[in-house]
Amino acid sequence: FTRQVGITNLLDTNGTMDFSQHRELLNVTHGVMVYIKAWDSSIHKELTGWSNEMVLENSIFLAKQGKLVEIRTVVIESYLNNEETVDSITKLLAPFLKYRDINYKIIKYRPFGVREEFKKFDIPSDEYMKNLKAIGIENGFKSIQIV
């Protein structure tokens, strides 16, 4: 119905549901936005309670289908290896940019509404965020926003 009336229908997900098993859902959406918290699976699990294996598999699957419209990563400068995460994600997904431009939102950590153990971290500097953006651009991504 949304396609018939010209409404864009996007899904926002943590990526843990196996999208390859839900093709009918993909048929009625214009695209999917996926959070990838960290490249390192053990850190991803520490942050979320699950590994990033399915998240990465979904990202590749969705990118191959031309349905991956956005990746999002929250940057905690003193806690995560953000350079590795941005570098690895953009290298993983760059081959699929030929199917569709994939937006990458690199999001500054902010200590609002987070679990108590994460309130101690500082907000990353603008310069640090620009360096992360440069990594993604170097790997072929054109649409990268610092939020």
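Every read-out reported here was derived from the displayed coordinates using simple, explicitly stated rules and does not represent laboratory data. Everything numeric here is computed off the predicted structure, so don't read it as measured data. As a convention, Cβ positions derive from the backbone with ideal geometry for all residues, glycine included, and neighbour counts pool all protein chains shown.
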### Task
State to the nearest 20 debye the size of the charge dipole of the range 17-93 about its Cα centre, where the only charges are +1 on K and R beta carbons and -1 on D and E beta carbons.
320 debye
### Query
Comparing Ser59, Ser125, Ser42, which has the greatest mean-square fluctuation in the GNM of the chain with Cα pairs linked when under 10 Å apart?
Ser125
### Task
Estimate the FRET efficiency between Asn27 and Ile146 by the formula 1/(1 + (r/R0)^6), using the beta-carbon distance for r and 30 Å for R0, to the nearest 0.05.
0.35
### Rough spin-label spacing in nm, given labels placed 7 Å along Cα→Cβ, for Asn14 and Asn131
3.0 nm
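For a 30 Å ceiling on Cα separation, which of these pairs sit above it: Lys64/Lys119; Lys45/Lys119; Lys45/Lys133; Lys108/Lys142?
Listed pairs above 30 Å: Lys64/Lys119.
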### Correct choice for Cα extents along the principal axes in Å that was computed from the model, options (i) 47, 32, 28; (ii) 62, 37, 23; (iii) 39, 38, 24
(i)
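How big is the dipole moment of the chain about its Cα centre under a simple scheme where the beta carbon of each Lys and Arg is +1, that of each Asp and Glu is -1, and everything else is neutral? Debye, nearest 20, please. Intermediate values should be presented prior to the final figure.
Numbers: 19 positive and 19 negative charges, 110 e Å.
Computed charge dipole of the chain: roughly 540 debye.
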